[in-house]
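The values are calculated or read from the model by the stated rules, or taken from the named source; none is laboratory data. Fair warning: this is a prediction, and the values are worked out from it, not measured in the lab. Methodologically, a virtual Cβ is constructed for each residue, glycine included, from the backbone with ideal geometry; neighbour enumeration extends over all protein chains shown.
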């Protein structure tokens, strides 16, 4: 439970008390007695924080030997005690005893229904203090109270061993609400004062207390005063554990809030929850409430805000008669305007009793009264994790497609609702591992088209919805639906359904049609060649990998057995106009060879080590007219993705070294982090969007960020936008929260 800790400060202001100190006078005995123990302020709850020493100007610091100095008031909070419970720890307390008090009793009395459960431990600080030091200490508090105070013109005064005071505790019955301490041996030196401490204060609370009640300890006898040891709450309030996420607009739904009775009847006829940290949404749905213990819920009303400061309330009216202690649970409180990583406080009160407020009055210099506040619970809100994630891979692909849709075709929005005339459809099932679509990014870039996923024999609802959004109102020429693979990837029935949806959604002019365009071969390697040749050579860009080399048409060559390297290259295939061709690692399919020759590719970037693409395959490229080859490879698939984008981020004309890059290393980038084993659908779908923005696709394990990717992010962190430096693709079973944290740390 989080509570306020602002002390209720009473007594002389620092300016007034230090005015006396500046004069340098030692206060006479009668004045000291009146100020330090005049019957109104001789008891205080032990502060929970130490005071700071301050000089006459109120500046904190260590001013030993610099004349009279004091301590500013320390803060403390009254402890919450549960109605009907025993052996509860309350605030400790201290009593200030002037030296001229002599022998006598210190009588501490608790209110009705509150009793001591055991004798507290009573000790006397036998160091005599100077009364004027206390006079110059407004709210003097904390451990500094146990230090001898310097006095202008004289040394600290200490009692002799023979005259040190003692205290004994008497009159404590098992259920007594009164404890008497007998003083003896208190010297009569007029200037001295002593501190008596009561520690380990355990209290029992009667179950008949059904309203919030302050536990005031009243001191009488040799000296007198009042202070607060705690307060009794007949209710408790708690929120379901864990932080909640506020979306980008500051909207959040609070977890269930439960208010429980410690004793029957504490809820009363109604309960008011007061919320700070956001604006309650009063529109439907209205929060709901349930109650146990025999009472009934009559109504739930979100009220208008009150303030200042502005707070909002939800009032629950209760009826019926409670037979046993019950609990009220309120669900569905919606807020708006919640700041990222802000705390939301929900407090509870009943209109009949309100909250407890302190009734202690009259303390001047010595007393410390702990602050009291509404009974409350704190809910921590977290900024949403930077994810692009639907409930499944098909929804994630649809979400990515929606991100690429804008009012115009730009790098940030490479396709436009109502004007885009193409889409790429690929199989997203695990058994396929994306093999038919590993080369689809180059084609998607050429057609300004997103990649949507399907199963072989049924079209997912998310994909149907995405198609409708993409082509709604389209009134241009023919629409091309590029289908990756044969019928075992996308069946004839699914193709027909896609054609029907797109045809009925678009407003095609007479004579314009929806074309299903197969992009397939007899195997995955031929399909990669088909994707490259379908897009054609016009989308190929020229690249030179060295400062002295020629600018040539370039292709990637990657493994079609292990999909990781081809997936990571999807963004570069789009942004740099470099198609991805596949090999089984030991030979090139004839269709792939034909594509290299027909497209005029003379430069090849090999992805992965020789276990992915053998040296023999690389050597065979010479016979196809390839004059330049280079290999980008790391120790594993994740390191290869980091190495690939390290190259892409290198400048086109570096000032040092000889390797050219793509020049992607400039401010404003966003990394897309994908699972490199099970997350192929996410990496596949994001390629067209990432590449259009010259953003990297970095692959990782589900629960650990690789060393190479970490280094890449750290080395290039200045290039990533502060607003959205990265997005994880997929749910936490694809990219864990631990990986998100690791990426955030790397970019700090």
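Comparison of 644, 621 shows that the only residue that is in contact with a strand residue (DSSP E or B) (Cβ under 7 Å, 6 or more places away or on another chain) and more than 19 Å from residue 660 (Cα to Cα) is 621. Selection within region 624-641: residues that are touching a strand residue (DSSP E or B) at 6+ places or on another chain (Cβ under 9 Å) and part of a loop (DSSP other than H, G, I, E, B). The member of this set that is nearest to residue 584 (Cα to Cα) is 633.
In this structure, does residue 355 turn out to be touching a strand residue (DSSP E or B) at 6+ places or on another chain (Cβ under 7 Å), within 21 Å of residue 80 (Cβ to Cβ) and either buried (at least 18 other Cβ atoms within 10 Å of the Cβ) or at pLDDT below 80 (or both)?
yes
The set of residues from region 483-495 being over 12 Å from residue 436 (Cα atoms) and either part of a loop (DSSP other than H, G, I, E, B) or touching a helix residue (DSSP H, G or I) at 6+ places or on another chain (Cβ under 9 Å) (or both) comprises just one member, 491.
Quick check on region 267-302: of everything there that is closer than 12 Å to residue 328 by Cβ and within 27 Å of the chain's Cα centre (by Cα), which residue is surrounded by the most Cβ atoms within 10 Å (Cβ to Cβ)? Applying the filter and picking the extreme gives 273.
When the residues of region 733-746 are filtered to those that are surrounded by 13 or more Cβ atoms within 10 Å (Cβ to Cβ) and over 16 Å from the mean Cα position of the chain (by Cα), the one that is nearest to residue 647 (Cα to Cα) is 746. Residue 706 passes every criterion in (1) over 23 Å from the mean Cα position of the chain (by Cα); (2) closer than 28 Å to residue 424 by Cβ apart from (2).
Could you please let me know if residue 684 is in a strand (DSSP E or B), touching a strand residue (DSSP E or B) at 6+ places or on another chain (Cβ under 9 Å) and touching a residue at least 24 places away in the same chain (Cβ under 8 Å)? For residue 684, the condition - in a strand (DSSP E or B), touching a strand residue (DSSP E or B) at 6+ places or on another chain (Cβ under 9 Å) and touching a residue at least 24 places away in the same chain (Cβ under 8 Å) - is not met. Within the set 564, 569, 496, 535, the sole residue that is crowded, with 23+ Cβ neighbours inside 10 Å and modelled with pLDDT of 95 or more turns out to be 569. Note on region 435-490: among residues that are in contact with a strand residue (DSSP E or B) (Cβ under 8 Å, 6 or more places away or on another chain) and at positive phi, the one that is surrounded by the fewest Cβ atoms within 10 Å (Cβ to Cβ) is 448. Could you tell me whether any residue of region 666-677 is over 25 Å from the mean Cα position of the chain (by Cα) and more than 25 Å from residue 409 (Cβ to Cβ)? Yes, some residue in region 666-677 is over 25 Å from the mean Cα position of the chain (by Cα) and more than 25 Å from residue 409 (Cβ to Cβ).
From the list 549, 585, which one is in a loop (DSSP other than H, G, I, E, B), out of contact with any helix residue (DSSP H, G or I) (no Cβ under 6 Å at 6 or more places or on another chain), in contact (Cβ under 8 Å) with a residue 60 or more places away in the chain and surrounded by fewer than 22 Cβ atoms within 10 Å (Cβ to Cβ)? Answer to the selection: 549. Scanning region 189-208 for residues that are buried (at least 23 other Cβ atoms within 10 Å of the Cβ) and either free of Cβ contacts under 8 Å to residues at least 40 places away in the same chain or under 30 Å from residue 324 (Cβ atoms) (or both) yields a count of 2. Filtered by the rule that a residue be closer than 24 Å to residue 389 by Cβ and outside any helix (DSSP H, G or I), region 643-675 gives 668, 669, 670, 671, 672, 673, 674, 675.
Among strands (runs of 3 or more DSSP E) lying entirely in region 190-301, which contain 3 or more residues that are farther than 30 Å from residue 177 by Cα?
270-276, 288-291
Screening region 502-514 for residues that are in contact with a strand residue (DSSP E or B) (Cβ under 9 Å, 6 or more places away or on another chain) and not in a strand (DSSP E or B) and picking the one that is farthest from residue 390 (Cα to Cα) gives 512. In the condition set (1) buried (at least 17 other Cβ atoms within 10 Å of the Cβ); (2) touching a strand residue (DSSP E or B) at 6+ places or on another chain (Cβ under 6 Å); (3) touching a residue at least 40 places away in the same chain (Cβ under 8 Å); (4) farther than 14 Å from residue 711 by Cβ, residue 660 is compliant with all but (2).
Please return the ranges of strands (runs of 3 or more DSSP E) entirely within region 80-144 where 2 or more residues are modelled with pLDDT under 75.
On the way: elements: 93-98, 104-109, 114-116, 121-130.
Strands (runs of 3 or more DSSP E) meeting the threshold: 121-130.
Is it the case that residue 554 is crowded, with 22+ Cβ neighbours inside 10 Å, at pLDDT 95 or above and touching a helix residue (DSSP H, G or I) at 6+ places or on another chain (Cβ under 9 Å)? It is false that residue 554 is crowded, with 22+ Cβ neighbours inside 10 Å, at pLDDT 95 or above and touching a helix residue (DSSP H, G or I) at 6+ places or on another chain (Cβ under 9 Å).
If I filter region 513-532 for residues that are more than 20 Å from residue 441 (Cα to Cα) and in contact with a helix residue (DSSP H, G or I) (Cβ under 7 Å, 6 or more places away or on another chain), do I get at least one hit? Within region 513-532, one or more residues are more than 20 Å from residue 441 (Cα to Cα) and in contact with a helix residue (DSSP H, G or I) (Cβ under 7 Å, 6 or more places away or on another chain). Only one of the numbered conditions (1) surrounded by fewer than 21 Cβ atoms within 10 Å (Cβ to Cβ); (2) modelled with pLDDT of 85 or more is violated by residue 217, and that is (1).
Could you tell me whether residue 600 is in contact (Cβ under 8 Å) with a residue 40 or more places away in the chain, surrounded by fewer than 18 Cβ atoms within 10 Å (Cβ to Cβ) and either in a loop (DSSP other than H, G, I, E, B) or touching a helix residue (DSSP H, G or I) at 6+ places or on another chain (Cβ under 6 Å) (or both)? So residue 600 fits the description; yes. Annotation: of all residues in region 333-352 being part of a loop (DSSP other than H, G, I, E, B) and surrounded by fewer than 17 Cβ atoms within 10 Å (Cβ to Cβ), the one that is modelled with the highest pLDDT is 337. When residues in region 712-730 are screened for being surrounded by fewer than 18 Cβ atoms within 10 Å (Cβ to Cβ) and in a loop (DSSP other than H, G, I, E, B), 4 of them pass. Restricting 613, 652, 626 to those that are buried (at least 19 other Cβ atoms within 10 Å of the Cβ) and free of Cβ contacts under 8 Å to residues at least 40 places away in the same chain reduces the list to 626. In the condition set (1) more than 25 Å from residue 395 (Cβ to Cβ); (2) part of a helix (DSSP H, G or I), residue 704 is compliant with all but (2). Tell me which residues, restricted to region 559-581, are closer than 11 Å to residue 434 by Cβ and touching a helix residue (DSSP H, G or I) at 6+ places or on another chain (Cβ under 6 Å). Scanning region 559-581 gives 560, 563, 564, 567, 570.
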